[in-house]
Each structure stands twice: as structure tokens, then as C-alpha cells.
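Heads up: the structure comes next, in C-alpha cells.
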Amino acid sequence: METDSVKLESSVWLGNKRHRALLSGWRFSWTELDKKNRDKNTISVPVSEVVAVMEGQVEIHPQKKTKDTDRDFTLFYVKRSNTSGGKGPLWSLGRSQFCCLSRDLRDQWVTQLRIALKTHCPSRPCRLLVFINPYGGKKKAKQIFHSSVAPLFELAGISSHVVVTERANQARDHILKKDLTGFDGVICVGGDGMFSELLHGVIGRTQQEAGVSEHDQSVMLQPCDLHIGIIPAGSTDCVCFATVGVNDPVTSALHIVIGDSQPLDVCSVHHCSTLVRYSVSLVGYGFYGDVLAESERHRWMGPLRYDYSGFLVYLCNRSYQGIVQYLPADSQITSPRDNSRCLSGCRVCSESTERLFPRSESCSSLYSRQLSQYSIESEDNWLSVEGRFRCVSLTCMSSSCPRSPKGLSPSAHLADGTGDLILVRNTNPLGFLTYLHRHTTTQDQFDLPFVEVHRVKAVRFSFLPGEEDDDEDQPNDSQNNTPGILEDPETLCNSDIESNSFGSKQHLAGNQREQGMTEKSRNKSDYLCGLCSSKRSATSVWNCDGEILPYAEISCRVHGQLVRLFARGVEEDPSSRKYNEGNRNCRGRCFSHS
Ligand SMILES: Nc1ncnc2c1ncn2[C@@H]1O[C@H](COP(=O)(O)OP(=O)(O)OP(=O)(O)O)[C@@H](O)[C@H]1O
Ligand SMILES: CCCCCCCCCCCCC/C=C/[C@@H](O)[C@H](CO)NC(=O)CCCCC
Ligand SMILES: [Ca+2]
């Protein structure tokens, strides 16, 4: 409901058509009038989606003024593009050129619209730190940034400091160590691996500044204020796709420009008492671990490496023994099979904010929340499943991506403080193919007798004594003195990538060296799918958001709304509204504008 009074109303011309323009509270609209002054079409734009207001007739490509008068002004705004007949989450830059009756009136319009922008959008970023990975995805990140993103930032008056990375983990280390005063956010132009670098940098730095130990599994991590933006230019772009609904650089740049804010759950992965990594999209053992290990050998194929490796690994027909323990989330609230979808403004997530961060939070209640959240959970609340699995996957969000538009867990929530644990027991090849294929269709991938899914707060994975791979030379605390990844970034990153060529081996070896892997375990991918030939390992590896973990026995815990992205969740496509009709939980906007 609009409560603010009308700020300005007048006749304006778009081309030779007369319109009535109206700025009222948080909306700007213009209505075409016919010869008898009757209303025809109206276009209405919320002020929060106005990108810029410029005097004159301005073009963005290249940014120049065309022949104009001193009565003209140009409005740039977010325009929703038609996708598959409906208005999907794809955005583009809308531009309308208005001509007023006098210069004085034009100046009033420009001034009032700019005041409205300041009033209604106080948290737009002014200064951004941008990291470009020139080697990710199809190696087009630099071109994408300079041609599609930088002009939008410039138009919106955002100044950006750009770092083109020369080695893996440079972005993470920069965020951990350099002075970030004055930056309103950090942006990556790359894929999920680049996002992960920013995630680790931002979380690590926030904990350092708050004096919180990331190695302590029971600790309540400090939520991060510095926003992360993703300009998709990778191979999977899962985090971007799942938080925006599309992997399109212009759409993502516009979400950044207008300062959208989407909280995101993060899963911490520990081995013994050491933090191993953080994850948002996938902690996966078995199939997804094997696909990743295999794909590293074919990095030169670019994004196709996953399809090729997926096919090879599928042919291997592997399953693995293990014990999965999990701490169930409150099943009264939601379930991974409730057929809902977490959409922009999701009610489940906004209600979780209240639960995760109660308003009257003093230091002492913070401490008690830390205890109540995790440590106090008695062992009795944990459940255990033992057996042979094709794959064990934990995801904090749907993990939808272009390859799988519904994702690993279509009803998972971005910011509810829980993750979904998917256990796919050993089955015949056709059964497993059916499971995989359902990721790409509307059929329920959990409606199979060998699949179970649980909404959880924490997960542990282990082996029965003597069950680990004989070949396995897993580092553990006694053998391996390498500290957790964030303890000493200096020591950890100096040998990540030997040259810029970014060959598969170099990248994998870099990551493994960082984790303190031994020569023997480094060779795992050599025989994993070489092709299921001579040596078959009894264990798989963990795929953690596209990185191989050096440990098989791990424990994971979900930290609700630990970071914030420049995004707003997936906007509902009206043409698919019927599908969500029963979803009472995911209505109402809550996170659209910070
Ligand atoms: N200059 C660089 N040279 C080598 N590696 C780099 C460089 N900059 C970043 N990296 C590393 O490259 C890895 C992969 O990059 P990125 O995530 O951008 O692309 P991708 O792997 O193709 O995409 P996705 O992760 O979506 O599958 C990241 O983990 C990052 O640490
Ligand atoms: C018969 C058709 C079979 C089709 C099967 C499609 C299954 C698609 C599921 C997609 C799940 C993506 C989960 C996200 C993982 C990312 O964090 C990670 C880093 O980018 N990507 C991969 O590990 C890359 C993992 C790629 C797995 C294939
Ligand atoms: Ca979640």
C-alpha cells in the first residue's frame, strides 16, 4: 500500500506520445494518454529498481549523449525480460527518454527522482572490490566484466577496484589480509570456485575480527556484513543460479547495483578439530566426488568436463560403504518433500531470521544461543544410517544450476538454517540412472525406493573400524601438521599454481598441496576412473563445492544465514504460479531490499 504523498506529477513526452508521469512514494510510473486524454498503457517502476536518472538523452553503449534538449531526462531501470512466455528472473537494463514542457520541470524531475533514490535505497553499494578469474569456465570472465558489467556499475555511480587474479586463492588471501576500508562488497567474476574463495575470505576475516575460532565446531560463527556478488562466468555457476534463478551477467550486475541482499546458509566441514572448508552448494561423497576427481583430469575440456566425467563415472557403477549420522531439523516447520520452493521473499527463511537472530540479543543470550544451537544437542538426538551408498550429498540450498534447473533438493531453502541430506543407497545401474535423470525433469527424484532425504542441522560421516581403504593414506592430525585452511594462508597458498596455464593437474595438485595431501592420495584420481581398471579404491572422495577434500571422515554443521549475497532469491515466474499455489510458506517479500 502506498502511504507516501505524491511528490511530482506532470505531462511528459516519450517520442511524440504524451504521457502522465507520476512519482508517488516508492513508485515512478508513466501512463500513455490518447487524444482524448484517456489512460492507455502504464509502466510502473519501483524506485528501488531505478538504476540511474540522467539529464539529457543518454545511451549506455557507449555512454554518450545523443541530440537532446535541456528539457530531456533519461531513466535507467530494471526490466524483466520475457522467458518462456512468462516473466522469468532474467533482467535487462530498461531505458526511457522523457521530454518535459520546460527545463525547470526537467530539473524538478531529476532532483525528485534522485532524492527518492537516496531515501528508498540507502544501502546501495558505492565502492566494490572485483576479482576476475581469467581462467574459469569458458575463459571469458574479463570480456564479460568489461563489456556487460563495468558500464552498468559506471552508470550507477559505483566505483570498482578490479583485481585480475594470477593464481588460485589470491582473492581469498586479499580479503583475509588487505585493508578493505571503504568497500561495500566483494564481487567475483568466475564460477563456484571463485565464489568459494570470496566466501572463505569473508567468513575468515569476519571471525578473525570477532576473535572467533573457526576450528571450534560448537562455536556460533559471527555473521558477515560484507556482501558478496557473483557475476557468473564459470562452468556450473550453481550458487548464482540457485540464488538468482538464472546465470546471466547483466541480471547479476543489476542485483548488485540496486543493493539486493540475500542471506545464505553455510555449512562448515571439520575433520577432527580442524576446519577443512565451508560449503554452500554441495558436500558430496560417492558419485559427485568421483565425477569431480575425474573431471580435474579433463579441465582442458572446459564446462563439458563434467558431462564427460559423469558419463565415465556412471559406467564405473560404484558404491561405497559408510556410516552417516545426522541431527534432524525440526520437521514441524518444513520438509524436503513438502513440494514448496524457496522463492524471493520466502516466508520460511524470513521466519528463520527471527529464530536464528532473536531481536533482543544481548551478549549473554548470544552465548546461550551458541550452546542451545549445537553443543547442548544430546547424542540421543542424532540418527544413524549405515550401508552402501551410490552417493551421500548435503546441500544448504536447492543447488539448481543450468544442468539441473530444480537442483539436488528442489524444496531446500537458502536461509532457513538447515541443509538437506540425500542418501542414495546402492542400486542397479538403471535405478541410479533414473535418479540422475530426474534431476533434469519435473519428476520427484526422492520418490525412489533406494533414496532418502532428511532436513538436517548437522551430519557426520565415518567408516566402521577397518573399513577404510587400504590404499588410503589419509592425512590426519597425527600424520599431518598442516593447519586448517584459514590458519596460515601465507604458507598455504604459495604453491597453488605454478604457472598461468591452469592445467588440470596443476590446479588439483595446488589444492591438494594446500590441504597437506600426500603423494599417494594425490594419485587417487589417476586410478579412480582410469577406468575402474586395475585398482579400485574402497573409498570415494568428498566434493565440497567443486573442491576435493583431503579427508573422508568429516563432520558438517549448518550455520544459518552466515553470509549475504547481492541477490534476492529466485523471482517467481507467473506462468509457473500454479506449481507453487500450495506453497503457503514462500510468499511475501522479506529480503528484496536491504
Ligand atoms: N589466475 C588463476 N589461475 C589459476 N587458478 C585460478 C586463478 N584464479 C582463480 N583460480 C581458481 O580457479 C578455480 C576455478 O575457477 P572458477 O570457479 O572461476 O571456474 P570453473 O571451475 O570453471 O567454474 P565452476 O566452479 O562454476 O565449475 C577456482 O577454484 C579458483 O580458486
Ligand atoms: C542422464 C542425465 C544425467 C544428468 C545428471 C545431472 C545431475 C546434475 C546435478 C547437479 C548438481 C550440482 C551441484 C553443485 C555442485 C557445485 O558446487 C560444483 C562446483 O561448481 N560443481 C560440481 O561439482 C560439478 C558436478 C557435476 C555433476 C554432474
Ligand atoms: Ca538452507
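The values are calculated or read from the model by the stated rules, or taken from the named source; none is laboratory data. Computed from a predicted model, the values in this text were never measured in an experiment. Counting neighbours? That spans all protein chains shown, and the Cβs are built from the backbone with ideal geometry, glycine included. These area figures cover heavy atoms from the full protein model, side chains too; ligands, DNA and RNA do not enter into them. Shrake-Rupley method; radii C 1.70, N 1.55, O 1.52, S 1.80 Å.
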Ala116 fails exactly one of (1) under 20 Å from Ile43 (Cβ atoms); (2) aliphatic (A, V, I, L, M); (3) modelled with pLDDT of 95 or more, namely (3)
Across segment 302-332, the tally of residues that are open to solvent by 50 Å² or more (accessible area, probe 1.4 Å) and in contact with a helix residue (DSSP H, G or I) (Cβ under 7 Å, 6 or more places away or on another chain) stands at 2
Among the residues of segment 333-345, the number that are within 16 Å of ligand 2 (Cβ to nearest atom) and surrounded by fewer than 21 Cβ atoms within 10 Å (Cβ to Cβ) is 0
**Prompt:** Taking the stated definitions as given, is Val348 away from ligand 2 (no atom under 16 Å from the Cβ) and assigned to a helix (DSSP H, G or I)?
**Reply:** yes
Exactly one of Ser372, Ser411 is at pLDDT below 95 and among the polar types (S, T, N, Q), and that one is Ser372
Result of the Cβ filter at 6 Å on segment 262-280, keeping first residues that are in the same structural domain as Val558 (by TED's automatic domain parsing) and assigned to a strand (DSSP E or B) and partners that are surrounded by fewer than 24 Cβ atoms within 10 Å (Cβ to Cβ) and at pLDDT below 95, at least 6 apart or interchain, is Gln262/Phe591; His270/Gln217; Thr274/Gly484; Leu275/Gly484
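Kindly establish whether Ser501 is open to solvent by 40 Å² or more (accessible area, probe 1.4 Å), more than 24 Å from Ile323 (Cα to Cα), modelled with pLDDT under 95 and among the small types (Gly, Ala, Ser).
Here the answer is yes, as Ser501 does meet what is asked.
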Looking at the structure I just gave you, is Glu209 away from ligand 2 (no atom under 16 Å from the Cβ), at pLDDT 95 or above and not β-branched (Val, Ile, Thr)?
yes
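Looking at Asp225, Asp216, Asp248, can you tell me which residue is among the charged types (D, E, K, R), within 16 Å of ligand 1 (Cβ to nearest atom) and open to solvent by 10 Å² or more (accessible area, probe 1.4 Å)?
When all the criteria are applied, what remains is Asp248.
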The strands (runs of 3 or more DSSP E) lying entirely within segment 89-192 that contain at least 1 residues which are surrounded by 18 or more Cβ atoms within 10 Å (Cβ to Cβ), in contact with a Cys (Cβ under 6 Å, 6 or more places away or on another chain) and assigned by TED's automatic domain parsing to the domain that holds Ser295 are none
Of the listed residues (Ala253, Ala210, Ala233), the one being over 12 Å from the mean Cα position of the chain (by Cα), aliphatic (A, V, I, L, M) and within 16 Å of ligand 1 (Cβ to nearest atom) is Ala233
Per the list (1) under 30 Å from His120 (Cα atoms); (2) surrounded by fewer than 24 Cβ atoms within 10 Å (Cβ to Cβ), residue check on His270 breaks on (1)
Check: Would you call Ile256 crowded, with 24+ Cβ neighbours inside 10 Å and over 20 Å from Pro402 (Cα atoms)?
Finding: yes
* To do: Evaluate segment 437-456: report whether one residue or more is within 24 Å of the chain's Cα centre (by Cα), closer than 23 Å to Pro89 by Cα, among the charged types (D, E, K, R) and surrounded by 20 or more Cβ atoms within 10 Å (Cβ to Cβ).
  => no
Flagged in segment 397-421 as in contact (Cβ under 8 Å) with a residue 40 or more places away in the chain, outside any loop (DSSP other than H, G, I, E, B) and more than 12 Å from ligand 3 (Cβ to nearest atom), in numbering order, are Cys401
Q) Hey, any hits in segment 174-193 for a residue that's touching a strand residue (DSSP E or B) at 6+ places or on another chain (Cβ under 6 Å) and within 16 Å of ligand 2 (Cβ to nearest atom)? A) yes
